[in-house]
Amino acid sequence: MVEDPSPAHGAPAVEVRTSTRRRKTASAYWQDGKVVVVLPAWMPHAERAVMVEGLVRRVLAQRPNARASDDDLAGRAALLSRQYLAGTLPASIRWVTNQRRRWGSCSPHSGDIRVSDRLRLVPPWVLDAVLVHELAHLDEPSHSARFRQLAERYPRTKEAALFLEGFSLGLEHPPANVAGGN
């Protein structure tokens with residue numbers, strides 16, 4: 001087993017494992033906040049680095065927000081606000097670990113937005129829908145008709161709501177074992 005002890009800023013730790021049982025395939029998956037890459041033991045060392053790099057890139061593409069910072073979140077929110085709303089920006093926006101019953105929250109009076117870190121696992125378009133929803137609260141605190149009009153400017157709002165409904169069910173009842181890792 002080889003671990004990358006000092007990953008680059010924003011890059012996850014990578015653990016490389018070899019398996020004598022693997023004959024042809026290599027795989028990579030998330031486990032405990034790091035990317036685990038499993039390679040056939042016979043693979044020449046010269047080829048391993050290229051294989052690991054490609055597999056890690058593929059896994060990161062599946063979860064692009066896995067290592068996103070609060071600054072990354074603020075940048076995304078600013079872009080979405082300009083594109084779909086009046087450009088209103090939050091006073092602060094950050095990932096939080098204490099939201100288990102909601103995806104995000106907005107305090108319109110202070111201008112603070114908090115986003116559940118559980119959303120790091122969702123596709124970018126789902127996170128975008130949540131961000132537009134919370135940004136819309138800066139202009140309209142209630143869930144009024146005006147608020148819905150603002151939030152639904154994001155074209156995939158309804159699709160994201162459906163995704164999150166299913167995603168939350170999966171979080172409440174995670175499968176006992178998922179083939180291929182996490």
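The values are calculated or read from the model by the stated rules, or taken from the named source; none is laboratory data. Keep in mind that this is a model prediction, so the values were computed, not measured. Cβ placement follows ideal geometry from the backbone for every residue including glycine, while neighbour counts extend to all protein chains displayed.
Descriptive notes on the structure:
- Qualifying residues in segment 1-22 (those that are at pLDDT below 85 and surrounded by fewer than 14 Cβ atoms within 10 Å (Cβ to Cβ)) - the one nearest to residue 41 (Cα to Cα): 1
- Residue among 13, 28, 41 that is over 30 Å from residue 153 (Cβ atoms) and more than 21 Å from the chain's Cα centre (by Cα): 41
- Here residue 97 fulfils each of the conditions (1) touching an Asp or Glu at 6+ places or on another chain (Cβ under 7 Å); (2) under 30 Å from residue 19 (Cα atoms) apart from (2).
- Scanning segment 120-154 for residues that are of a type in the set (Asp, Glu) and part of a helix (DSSP H, G or I) returns 128, 134, 139.
- Selection from segment 23-56 of residues that are within 26 Å of residue 68 (Cβ to Cβ), modelled with pLDDT of 85 or more and not aliphatic (A, V, I, L, M): 27, 53, 54
- Qualifying positions in segment 144-182 - touching a Leu at 6+ places or on another chain (Cβ under 9 Å), closer than 20 Å to residue 117 by Cα and at pLDDT 90 or above: 160, 164
The rows are residues; the columns are (1) more than 26 Å from residue 169 (Cβ to Cβ); (2) buried (at least 16 other Cβ atoms within 10 Å of the Cβ); (3) assigned by TED's automatic domain parsing to the domain that holds residue 163.
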{"residue": "83", "(1), (2), (3)": "yes, no, yes"}
{"residue": "89", "(1), (2), (3)": "yes, yes, yes"}
{"residue": "93", "(1), (2), (3)": "yes, yes, yes"}
{"residue": "99", "(1), (2), (3)": "no, yes, yes"}
{"residue": "138", "(1), (2), (3)": "yes, yes, yes"}
{"residue": "146", "(1), (2), (3)": "yes, no, yes"}
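- Matching residues, segment 136-166, being out of contact with any strand residue (DSSP E or B) (no Cβ under 7 Å at 6 or more places or on another chain), among the aliphatic types (A, V, I, L, M) and in contact (Cβ under 8 Å) with a residue 40 or more places away in the chain: 136, 150, 164
- Matching residues in segment 80-100 - criterion: being farther than 22 Å from residue 143 by Cβ and under 17 Å from the mean Cα position of the chain (by Cα): 94, 95, 97, 98
- Residue that is nearest to residue 59 (Cα to Cα), among those in segment 101-118 that are over 11 Å from the mean Cα position of the chain (by Cα) and hydroxyl-bearing (Ser, Thr, Tyr): 105
- Yes/no for residue 121 being under 13 Å from the mean Cα position of the chain (by Cα) and in the same structural domain as residue 166 (by TED's automatic domain parsing): yes
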